[in-house]
Amino acid sequence: MDLKTLRHSCSHVLASAVKKLYPEAKLGIGPAIEEGFYYDFDIPGGLSEEDLPKIEELMEEEIKSGLPFVQKDLSKEEAIDFFKKKGEIYKIELIKDLEKDQVSTFQHNDFIDLCKGPHLKDTGPLKNFKLLSVSGAYWRGSQENAQLSRVYGTVFTDRKSLKKYLNRLEEAKKRDHRKLGKELGLFDIYPEQAGAGLVFYLPRGAILRKIITDWEINEHLKRGYQMINTPHIMDRNLWEKSGHLSHYQEYMYPVKKAKQEFVLKPMNCPGHILVYKSKLHSFRDLPLRLFELGTVYRFEKSGVLHGLLRLRGFTQDDAHIFCKKEDLYSEIEGVIDFVKSTMDKFGFKDYSAELSTRPDKFIGKLKDWQMAEKILEGVLGDKKLNYKLNPGDGAFYGPKIDIILKDAIGRSWQCATIQLDYNIPERFDLTYRSKEDKDERVVMIHRVVLGSLERFIATLVEHFAGAFPLWLAPIQVSVLNINKDVADYADKIKERLLEEGFRAESDLREETLQKKIREKEAEKIPYMLIVGRREKEAGTVSLRQRGMKKMGTKKIEELITFLKKEAK
């Protein structure tokens, strides 16, 4: 049985139940989505999650009855007249936008909805369903339109699959980076005071960020990248020339001052292009790999902002590789190898790719697009990377590869992106001097490895449920004293660990040892060192691993050797 058809059919049963409970409700749309379905409703006073059980009861009645789904075709005029009598203003708007003169409807029991189908034969197979949540959604995604109540649900062909999915949702709630970010002191967002979609790193979060960026900078330098930094604001004319202004203006922040208009950069590429153009280049200089941890700003709609996953200000590990045409293949292979080694470093074993091709609105020549798509597809094949085609979703200047990670509980996260661009170099007249002493056109590879640093941190938090491996943990070791007269010994151990390069703290509060241990467990610190009079006299520590695992006593030198081995 096709899950998409199953889920879309269930969305109709949801809409029918809501109309029974709230006859004044106006219907929006109710599509199947990747893991379930939703339906949008315009209801005075809205809906809340407390309403879901009574909606489910009515749905169960309809499902048990095995009501047939019956299709009926109408002319546009008949359909408009039918839904006008019912006061369904959103359905009328949808019908008017349709190009065909005929529309289809589906009916089960006395509920009739505008729909092209397909549907199940009847409601009987929908018994393994669950309504999940309620949220707000603007009609047709525009803030200019009414805000509707969106009810999410899911349905499976069998009870076991539904239970497995619901268990995964429960696990996902525990791993939610927004919740753990606050509990672990990593980051916060202050929408009322500072603005929505802008992240503040707290002390431990700033350390985590530094660990990641320090590692990544070193890896880039090892691979022949050169670090640069570019301004946060640049003149409007630069964005006009690059094409971003005409294709991306709704997401850009303009800044006007002294009769000059600037833009907070939504991308790093124009700045990197200016660095390339700051001197003449010969074939010997290429490929030239310029890398920046560049903070960008994009005006995302408030409805899509979501913790660190969707922000208005975020940092990308952005690089642009300026190439001769004959270097393209090997450079893209090198980026994919870099991505693979990075994923291995951070503990992601399962990942795949998407190849996004030419969109409807694009710049440049068709033959260049065809060549770029052929090269990306060839590299994916040679590197034996599983991928699916994503037609029409490339950037306006070139096709792209997106790397999709699977986390510890099987969810997908977008990470690295590789874009191949013949077109912006044309706009900026980017050239190099060939062996034959002629000016030749450069080709650009735009790429990120982690992508948005903030999104990658969110991915890490949820992948590890906040329990980071030793090398990533903001605080690696906490030294806890049992009684006051060994506080000096606890501090001495902490200082020794700091000298050895570990991120250590000592907790010398006059609290019970059990309370301290519970708190460090909640903070997900990898190791605790318990010290009392016996340990001080023997020059040892009692080692305890996260997860309440006792590991016996160790001499200080033995402990340091053990921790260094694990940190590597």
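Does residue 432 fit the bill of being crowded, with 17+ Cβ neighbours inside 10 Å and either without any contact (Cβ under 8 Å) to a residue 60 or more places away in the chain or of a type in the set (D, E, K, R) (or both)?
On the way: crowded, with 17+ Cβ neighbours inside 10 Å: yes; either without any contact (Cβ under 8 Å) to a residue 60 or more places away in the chain or of a type in the set (D, E, K, R) (or both): no.
So residue 432 fails the test.
I'm trying to understand the selection: among the residues of segment 504-543, which are among the basic types (Lys, Arg) and under 15 Å from residue 467 (Cα atoms)? Reasoning before the result, please.
The first filter runs over segment 504-543 and keeps only residues among the basic types (Lys, Arg), leaving 509, 515-516, 518, 520, 524, 533-534, 536.
Those that are among the basic types (Lys, Arg) and under 15 Å from residue 467 (Cα atoms): 518, 520, 524.
For the structure I just gave you, tell me whether residue 45 is in a loop (DSSP other than H, G, I, E, B), without any contact (Cβ under 8 Å) to a residue 24 or more places away in the chain, in the same structural domain as residue 112 (by TED's automatic domain parsing) and not hydrophobic (A, V, I, L, M, F, W, C). Working first, answer last.
On the way: in a loop (DSSP other than H, G, I, E, B): yes; without any contact (Cβ under 8 Å) to a residue 24 or more places away in the chain: yes; in the same structural domain as residue 112 (by TED's automatic domain parsing): yes; not hydrophobic (A, V, I, L, M, F, W, C): yes.
Yes, satisfied.
Can you tell me which residue is surrounded by the most Cβ atoms within 10 Å (Cβ to Cβ) among those in segment 405-425 that are part of a strand (DSSP E or B) and of a type in the set (A, V, I, L, M, F, W, C)? Spell out how you get there, then give the answer.
Quick first cut of segment 405-425, residues part of a strand (DSSP E or B) only: 405-406, 412-421.
Still in the running and of a type in the set (A, V, I, L, M, F, W, C): 405, 413, 415-416, 418, 420.
Working: 405: 21, 413: 20, 415: 23, 416: 25, 418: 26, 420: 31.
In this case the residue turns out to be 420.
Could you list all residues from segment 320-353 that are without any contact (Cβ under 8 Å) to a residue 60 or more places away in the chain, acidic (Asp, Glu) and farther than 14 Å from residue 422 by Cα?
Result: 333, 337, 344, 350.
State the number of residues belonging to segment 509-548 that are touching a Lys or Arg at 6+ places or on another chain (Cβ under 8 Å) and either at pLDDT below 95 or in a loop (DSSP other than H, G, I, E, B) (or both).
Going through segment 509-548 one residue at a time, the tally reaches 7.
Looking only at segment 85-101, decide whether some residue is in a strand (DSSP E or B) and in contact with a strand residue (DSSP E or B) (Cβ under 7 Å, 6 or more places away or on another chain).
Checked against the condition, which is being in a strand (DSSP E or B) and in contact with a strand residue (DSSP E or B) (Cβ under 7 Å, 6 or more places away or on another chain), segment 85-101 yields no hits at all.
Okay, residues lined up against (1) in contact (Cβ under 8 Å) with a residue 40 or more places away in the chain; (2) in contact with a Ser or Thr (Cβ under 7 Å, 6 or more places away or on another chain); (3) part of a helix (DSSP H, G or I):
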position: 455; (1), (2), (3): yes, no, yes
position: 472; (1), (2), (3): yes, no, no
position: 479; (1), (2), (3): yes, yes, no
position: 492; (1), (2), (3): no, no, yes
position: 497; (1), (2), (3): yes, no, yes
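Considering only residues that are of a type in the set (A, V, I, L, M) and in a helix (DSSP H, G or I), which ones fall in segment 226-263?
If we filter segment 226-263 for residues that are of a type in the set (A, V, I, L, M), which is where we start, we get 227-228, 233-234, 238, 245, 252, 255, 258, 263.
Residues satisfying the conditions are 238, 245.
Against the definition (farther than 23 Å from residue 269 by Cβ and either touching a Pro at 6+ places or on another chain (Cβ under 7 Å) or surrounded by fewer than 20 Cβ atoms within 10 Å (Cβ to Cβ) (or both)), how does residue 387 come out, yes or no?
Details: farther than 23 Å from residue 269 by Cβ: yes; either touching a Pro at 6+ places or on another chain (Cβ under 7 Å) or surrounded by fewer than 20 Cβ atoms within 10 Å (Cβ to Cβ) (or both): yes.
Judged against the criteria, residue 387 is a match.
Among (1) of a type outside the set (Asp, Glu); (2) surrounded by 18 or more Cβ atoms within 10 Å (Cβ to Cβ); (3) within 30 Å of residue 301 (Cα to Cα); (4) modelled with pLDDT of 95 or more, where does residue 166 come up short?
The single condition residue 166 does not satisfy is (2).
I'd like the full set of residues that are out of contact with any strand residue (DSSP E or B) (no Cβ under 7 Å at 6 or more places or on another chain) and not aliphatic (A, V, I, L, M), limited to segment 103-145. Give the steps one after another, and end with the answer.
Going through segment 103-145, the residues out of contact with any strand residue (DSSP E or B) (no Cβ under 7 Å at 6 or more places or on another chain) turn out to be 109-111, 118, 120, 124-125, 127, 140-144.
109, 110, 111, 118, 124, 125, 127, 140, 141, 142, 143, 144, listed by residue number.
Take the residues of segment 296-354 that are aliphatic (A, V, I, L, M) and part of a helix (DSSP H, G or I): which is farthest from residue 375 (Cα to Cα)?
Taking segment 296-354 as the starting set, the residues that turn out to be aliphatic (A, V, I, L, M) are 296, 304-305, 308-309, 311, 319, 321, 328, 332, 335-336, 339, 343, 353.
From what is left, the residues that are part of a helix (DSSP H, G or I) are 304, 328, 332, 335-336, 339, 343.
On the way: 304: 34, 328: 8, 332: 9, 335: 14, 336: 13, 339: 18, 343: 23 Å.
Taking the candidates together, the pick is 304.
What is the number of the single condition among (1) surrounded by 14 or more Cβ atoms within 10 Å (Cβ to Cβ); (2) more than 25 Å from the chain's Cα centre (by Cα); (3) not basic (Lys, Arg) that residue 197 does not meet?
For residue 197, the exception is condition (2).
Out of 299, 291, 314, 322, which single residue is over 26 Å from residue 209 (Cβ atoms) and either of a type in the set (A, V, I, L, M, F, W, C) or surrounded by 19 or more Cβ atoms within 10 Å (Cβ to Cβ) (or both)? Give the steps one after another, and end with the answer.
Values: 299 fails: over 26 Å from residue 209 (Cβ atoms); 291 fails: over 26 Å from residue 209 (Cβ atoms); 314 fails: over 26 Å from residue 209 (Cβ atoms).
None of the other options fit; the residue is 322.
The values are calculated or read from the model by the stated rules, or taken from the named source; none is laboratory data. Note that the coordinates shown come from a computational prediction; the quantities given were computed from them, not determined experimentally. Note that we place each Cβ from the backbone using ideal geometry, even for glycine, and neighbour counts take in every protein chain shown.
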